[in-house]
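Undergrad: Okay, handing you the structure first.
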Amino acid sequence: MSLQTRTGAWPAAAVLLGFFLFLYITCEVGVWNWLPRHLIAQGIPESSALNILSLGFALGLLAGRVGVAPIFTRVSAINVTLAASAAMAVTTFFMLRASKPITAFALVFRRWSFHGPVFPTTLAIVGTAFPRMTGTAMGFVITCGWVGLAVSSRIIGAIAGDDPRRLKKALLVIPVSAVLMVGLNLAIRSLL
């Protein structure tokens, strides 16, 4: 059954998918912008912190996007985003507690490998859910996602201020956002 056959499902599904991508980008940008500063505050040298982020991000994202492709023959896209969101929440929480470079790298890599398939898979869900007005739905959902870019770092920065101890607490916005993604996923699946 397509969404347009249900009364009022189009706006609700578009808004939920938009908010889902908003939270996804919040998780992405929050880690990208703040993780090196956090790792440095944990005693990891700056060069190592930057390498942990760049290599962990690049390799993890690639592994996540390529590695999930065979799974789609057995698992639905909505289930992939649910599992990835839950795994993002857990790995991000532990990543924020890492104080050793090897542990931090391993957790950053795992976190990004779970993070990797979410964006393209969410767009696949949008394309499937909206066979008519696909471009409008995609545009709306992507725009909502990029609003997360504009908002997330400001929120984390406002909570953290200049205190590295507050930064650790402020970065909890990221796993909380991933937990909210799990809840949104469950709401979205009820509309699909």
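The values are calculated or read from the model by the stated rules, or taken from the named source; none is laboratory data. The structure presented is a predicted model; accordingly, all values stated were derived computationally and were not measured. Backbone-built Cβ (ideal geometry, glycine too); neighbour counts: all protein chains shown. Side chains are part of the model used for accessible areas, which takes the heavy atoms of the whole protein and leaves out ligands, DNA and RNA. Shrake-Rupley method; radii C 1.70, N 1.55, O 1.52, S 1.80 Å.
Undergrad: Go through region 51-85 and give me each residue that's assigned to a helix (DSSP H, G or I), open to solvent by less than 20 Å² (accessible area, probe 1.4 Å) and of a type in the set (A, V, I, L, M). Break it down stepwise before answering.
TA: The first filter runs over region 51-85 and keeps only residues assigned to a helix (DSSP H, G or I), leaving 51-67, 69-73, 77-85.
Now drop any that are not open to solvent by less than 20 Å² (accessible area, probe 1.4 Å), which leaves 52-53, 56, 60, 64, 80-81, 84-85.
Ile52, Leu53, Val80, Ala84 - these are the residues of region 51-85 that are assigned to a helix (DSSP H, G or I), open to solvent by less than 20 Å² (accessible area, probe 1.4 Å) and of a type in the set (A, V, I, L, M).
Undergrad: Let me ask something additional. Looking only at region 96-120, which residues are under 12 Å from Tyr24 (Cα atoms) and not aromatic (Phe, Trp, Tyr)?
TA: His115, Gly116, Pro117, Val118, Pro120
Undergrad: Say whether the condition of being closer than 27 Å to Leu59 by Cβ, among the aromatic types (Phe, Trp, Tyr) and within 20 Å of the chain's Cα centre (by Cα) is met by at least one residue in region 131-142.
TA: No: zero hits.
Undergrad: Sticking with this structure for a sec: Hey, can you tell me all the residues within region 86-124 that are surrounded by 19 or more Cβ atoms within 10 Å (Cβ to Cβ) and of a type outside the set (A, V, I, L, M, F, W, C)?
TA: Of everything in region 86-124, those that are surrounded by 19 or more Cβ atoms within 10 Å (Cβ to Cβ) and of a type outside the set (A, V, I, L, M, F, W, C) turn out to be Thr91, Thr92, Arg110, Arg111, Ser113, His115, Gly116, Pro117, Thr121, Thr122.
Undergrad: Something else: If you take the residues in region 18-50 that are at negative phi and not in a helix (DSSP H, G or I), which one is least open to solvent (accessible area, probe 1.4 Å)?
TA: We begin by selecting, within region 18-50, every residue at negative phi; these are 18-42, 44-50.
Okay, now just the ones that are also not in a helix (DSSP H, G or I), so 42, 44-45.
Numbers: Gln42: 50, Ile44: 5, Pro45: 72 Å².
Among them, the one singled out is Ile44.
Undergrad: Which residue pairs have Cβ atoms closer than 8 Å, lie 6 or more positions apart in sequence or on different chains, and pair a first residue in region 148-171 that is without any contact (Cβ under 8 Å) to a residue 24 or more places away in the chain and charged (D, E, K, R) with a second residue that is part of a helix (DSSP H, G or I) and open to solvent by less than 10 Å² (accessible area, probe 1.4 Å)?
TA: If the second residue must be part of a helix (DSSP H, G or I) and open to solvent by less than 10 Å² (accessible area, probe 1.4 Å), the pairs left are Arg166/Ala160; Lys169/Ala160.
Undergrad: If you check every pair at least six apart or on different chains, which have Cβ atoms under 9 Å apart with a residue in region 106-129 that is more than 17 Å from Ala86 (Cβ to Cβ) first and a residue that is open to solvent by 10 Å² or more (accessible area, probe 1.4 Å) and among the basic types (Lys, Arg) second?
TA: Listed by first residue and then by second, the contacts come to Pro120/Arg65.
Undergrad: Determine which single condition Ser190 fails, assuming it passes every other condition in (1) in contact (Cβ under 8 Å) with a residue 24 or more places away in the chain; (2) part of a helix (DSSP H, G or I).
TA: (1)
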